[in-house]
Amino acid sequence: MRDQGRLVEWFDDKGYGFIQPNDAKKERVFLHIKDFARTGPRPIVGCALDYLVILDERGRYRAQQVVYLKASQVIEHKAAPVRPTTATGWSPMKVGIGVYIVFMVIASFSKLLPPFTLLFVSLMNALSYWLYSQDKEAAQLGNRRIPEQTLHIVDSLGGWCAGWLAQQKLRHKTQKQPFRKIYFCTIAFHILLICWLISPLNIFH
C-alpha cells in the first residue's frame, strides 16, 4: 500500500530516518537512503514523500520505492469528524480496566486472591509499559526489538492494562493486526487465570 508523509527525522551520516504519515494516527515509517526509487538530492527534514509501506523482518514499518513530492501532489489527510463525547471521555477499554483494578483491590484485601497477587500484577504492569517503551525506541533507532512473545507473556500475567496504555500513549503496535488479536487473547487468558485463582479449583488456597 502506498502512502504519503513528511520526513521528520534524518541521520545523514547513517543514511536513514523516519517519515510521519499525513494521517497522524499512523506510526512513523523507517526510511533508508537506498529505498528511494531513483537517485536525487539528499533528504532534508520536512520534505514530502510518497512511498510503499512494508513490514520488514524487524517488525517495523518501512518505506520502499520512495519518491519526492511537489506541493501540488501532496494529498492532505482529512481528519475524521469529531464525535461528541461525555465529560469523562471513557472508552469501553478504560471502563474495563477500571472495573478490573477495583475488583483486584477488593479481591486482594478480602483475601479472595492468594497473597501478593496484587503486587505481582502491579509489577507486571510496570514491566509491560517499560518493555513497550523500549521496543518503541528500538523501532525508531533500528536497534534489536523486544520479542513480541515477551510482550504477550507479560500482558497475560497481568501487564495488559499498562500494555494498552503504552500502545495508546506511544502509538505503538496499534495497527499491527496479528499482534492486536493476540493481545486481546492475552487479556482473556489473564481473566480466566484470575477466575481460577478465586475458584475452589485453585489447589493453592
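Quick look at the numbers
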| read-out | value |
| --- | --- |
| Dipole magnitude of the chain, debye to nearest 20 (Cβ charges: Lys/Arg +1, Asp/Glu -1, about Cα centre) | 300 |
| Cubic angstrom per residue, convex hull over Cα atoms of the chain | 143 |
| Cα shape, the stretch 2-73, gyration tensor, a/c 1.5 rule | rounded |
| Percentage, to the nearest whole number, of Cα pairs in the stretch 122-205 over 14 Å apart | 63 |
| Efficiency of FRET between GLN140 and CYS195 - r from beta-carbon atoms, R0 25 angstrom, step 0.05 | 0.05 |
| Cross-link pairs LYS111/LYS181; LYS94/LYS173; LYS94/LYS169 - those with Cα-Cα distance over 22 Å | LYS111/LYS181 |
| Of PHE189, PHE36, PHE103, the one that fluctuates the most in a GNM where the chain has Cα springs shorter than 10 Å | PHE103 |
| 18 Å cut-off, amide nitrogen to a point 7 angstrom out along PHE103 Cα→Cβ, residues in the stretch 186-205 | 186-202 |
| Simple spin-label estimate for ASP23 and TRP130 in nanometres, 7 Å along Cα-Cβ | 3.5 |
| The chain, helix-only ellipticity at 222 nm - DSSP H runs n ≥ 4, -39,500 (n - 2.57), divided by all residues, nearest 500 | -13500 deg cm²/dmol |
| Span-rule helices in the chain, defined as complete DSSP H runs reaching 27 Å or more along the axis (Cα) with Kyte mean at least 0.0 | 117-141, 177-198 |
| The chain - share of DSSP beta bridges that are antiparallel (%, nearest 5) | 90 |
| Proximal lysines to LYS34, defined as alpha-carbon separation beneath 24 angstrom and excluding residues fewer than eight positions away on the same chain | LYS14, LYS26, LYS70, LYS136 |
| Per-peptide average of other Cβ atoms within 10 Å, ordering 149-156, 178-185, 38-45, 22-29 highest first | 149-156, 22-29, 178-185, 38-45 |
| Theoretical FRET efficiency, 1/(1+(r/R0)^6), r = Cβ-Cβ of ASP13 and ASN202, R0 41 Å, to 0.05 | 0.10 |
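Since every read-out is calculated from the coordinates, none of them should be taken as a lab result. Model, not experiment: these values are computed from the prediction. Positions of Cβ are backbone-derived with ideal geometry, glycine not excepted, and every protein chain shown enters the neighbour counts.
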